[in-house]
Structure formats: structure tokens, C-alpha cells
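Written below as C-alpha cells is the structure these notes are about.
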Amino acid sequence: MAGANALDVLIVSLGSTSGLRMADEELAQSLRRAGASVAIAASHPPRPVRTLALLDLSWARAARAAAEAELARRTVAAVIYSSTTAALFWPRPGMIRFDAPSRGNRPGRHGLWQRPLERRRMGQASLLLPWSVGGLAEAPAVARRPDRALVLPVSVQSTAEAESPGDERASPAERDVAAITYAAHPSKKGLDRVLSAWRSRRADRPGDTAEELVVAGAPAEQLEAAGLLVAGEPGIRVVGMLAAGDYRALLRRARVFVCAPRREDYGIAQLEALADGCQLVTTPAPGPYAALPIARELDARLVDDDLQGALRAALDDPLPSYTARAQRALAPFSREAVDRLVAERLLPRLLA
């Protein structure tokens, strides 16, 4: 739609996690399919700091620098700031897309300076684009007005068809990995609780050496240094950070995705696991956890603080209809569904 040196939409990407980067790329592709010209201004990762308040300060500055660089060389019709942190020091007002506001995930001293500025930015934004209804519910009152917000999920696709066109997803009995978990930010993700439940399961089945928990998202050295793992522990295999394709290939082999987050702002990893045919075993974590109501609907036995019991139900007594019902439940998160929202409801407001 735009001219040679003009752009319809600039997405200012915080990109502090692989999930955020994937979400930004999915949105950019969806906008392009709707006919818009789009660029992503990627923030340069700052140096590590000791507190969440300082971390947000560093990322907010990085996002401003990325936005300023793109705005200086292009004429941009609309700007989407991906996360409230990316919008805190914005050089120009725009729309804000977010998984959860800092009033939810930065309580107390962790969000001392972010929360009041976030409220101000949300009041100034032309439109708010929460990932989920739960994320919108945690936002300030100004963000919850129907005329100021559009819930826009992150699209999640199964990779089975892309890898092997025409193939059906493997049934639980055909999958050769018992369980997988994603351990980036292991404390927040509750890896200690996952490992405890897995060890208890193995202790109850001393003769079964075939079952294995695969731990992705963090290197073994980090987990061993934190005291979470012992090198060479039987029944646990750490694969570290993987390329997206390799990680999704593991999901297609796993019977169960298990997690115990202490708080969940959305849960892309859980939605991806469901899309690729895993059963989801999880604790009922607080936060706008988009996969949680789906998991409860699919099999309430698998959503429990008693992770060992939930693992037992998933691995020893899986519901035969689980995978098919999961695909139906994920329909609102499909690329086609998100594309319709973008083309029919978002793009007209972006370019108005």
C-alpha cells in the first residue's frame, strides 16, 4: 500500500524471548498477507543487569533506539509497539500489543516505575492489542474499553502437516518420548517442581528404564550450576536451546508436555505442544494463561498441583479423543483465524 520509502506498519519488537520474536514475525506475516507493507524494528539486547526494574529500563531504551532508527529513515503510517515495555519510552505514539501488563507480572518493587508509566502509555495509545482476554483483564481500566482494545492472539500452527504433508499426528502410543518440558527461565517455569514430580514417578516404577523426560530451553551446565540437576541423571535428557524446527520435531515425538509455571503470561510453548499432539500436564498457574482453560476442558485430571498424579493419568491412562479435541479447541489460534482478525478489524484501524 505504501510508496517506495514509505511503510504502512512498523512493529517495534522487544524480542527479549524467542516467543516474543516469533509472535512479532507471525503478526508481520499476517499483515503482509492482508496487503500491508511491514518492517520490524528489532531491539538490540542490553547487557545483563541484576533487577527486573533495571532490566525493563534497559530494554525500554533499546526499543526506543530501534524505533528512532527506523522512523528516521522511513515515512511510517502506523506503529505497533510489541509489549508494554517497548512502548514505555516511545518516540511516537502508536498501538501497543502485549501478553500481560506490568501490573500483573511486575508486582511490588519489581514494577515500581513501570506501572504508572504503563498506565499513561495505555491511555495515550491509539489501540491496545492484548494477546488474550486474560491479558486484557489485568490491564488498567482505560485499556478495557471495547472501543480501545482488540484481542489479537498469537497464531499457533501444527508442524506435522508442514513436515509431512498428508500425515496424521502420531497417537500417544506411537510417540517415543514420554515427556518434554521447556526450561528457559527455569524458576519462573517451575522446573524444580517438574523434576520433583518426574523423579517421584521414576521411583514408583523402578524397573522402567525406558521413560525419559526431555528438558529443552536451557543448557545442562546452567541447570547443574543452579542445583536442579545432577550430571548424567538417569531418565532425564537435557537438549538445551534448539532451533525452532528441531524443537517442534521433539514435540511431535512426545506424549506429554509437562510444566509448572509460577505465573504464566500467555503460554506459547503449551499451545505449540497441544498443536503438535502432546497432552498438556500443568499446574493451575496464575496469570492470563491462555492454554489453561483449554487444558482443563480437554482433561481436568492433567491440571493439578499434584504433578505426579497428573503425569500418571496422562502417561498411563490417556483419553483417546484428546488430540482431536485439542485441534478443535485451538481453532481460534489458527493462522487463518488470526489473519481474518488482522484483515477485517486491525488493518482498517491501523491505516485509518
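Structure data summary
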quantity	calculated
Filter result for the condition that a residue is closer than 14 Å to SER158 by Cα, out of contact with any Phe, Trp or Tyr (no Cβ under 9 Å at 6 or more places or on another chain), at pLDDT 95 or above and surrounded by 22 or more Cβ atoms within 10 Å (Cβ to Cβ), over ALA310, ALA273, ALA326	ALA326
Test result for SER43, touching a helix residue (DSSP H, G or I) at 6+ places or on another chain (Cβ under 7 Å) and either buried (at least 19 other Cβ atoms within 10 Å of the Cβ) or modelled with pLDDT of 95 or more (or both)	yes
Options GLY235, GLY240; residue that is over 17 Å from the mean Cα position of the chain (by Cα), surrounded by fewer than 16 Cβ atoms within 10 Å (Cβ to Cβ) and either modelled with pLDDT of 95 or more or not assigned by TED's automatic domain parsing to the domain that holds GLU26 (or both)	GLY240
Index of the failed condition, GLU68 passing every other in (1) surrounded by 19 or more Cβ atoms within 10 Å (Cβ to Cβ); (2) in a helix (DSSP H, G or I)	(1)
Selection count where residues are part of a helix (DSSP H, G or I) and at pLDDT 95 or above, scope the stretch 86-107	2
Filtered residues of the stretch 139-151 (kept if surrounded by fewer than 22 Cβ atoms within 10 Å (Cβ to Cβ) and either of a type outside the set (Val, Ile, Thr) or modelled with pLDDT of 95 or more (or both))	PRO140, ALA141, ARG144, ARG145, PRO146, ASP147, ARG148, ALA149, LEU150, VAL151
Qualifying positions in the stretch 342-352 - among the aliphatic types (A, V, I, L, M) and surrounded by fewer than 19 Cβ atoms within 10 Å (Cβ to Cβ)	ALA343, LEU351, ALA352
The stretch 111-153, residues that are under 22 Å from the mean Cα position of the chain (by Cα), closer than 21 Å to PRO348 by Cβ and assigned to a loop (DSSP other than H, G, I, E, B)	LEU127, TRP131, LEU150, VAL151, LEU152, PRO153
Neighbours by Cβ (under 8 Å, 6+ apart or cross-chain): first from the stretch 33-47, in the same structural domain as ALA72 (by TED's automatic domain parsing); second of a type in the set (S, T, N, Q) and not in a loop (DSSP other than H, G, I, E, B)	ILE40/SER13; ALA41/SER13; ALA42/SER13; SER43/SER13; PRO46/SER58; ARG47/SER58
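The values are calculated or read from the model by the stated rules, or taken from the named source; none is laboratory data. It should be emphasised that the depicted structure is a prediction, and the values quoted were computed from it without experimental measurement. When we count neighbours, we look across all protein chains shown, and the Cβ atoms used for this are built from the backbone with ideal geometry, even at glycine.
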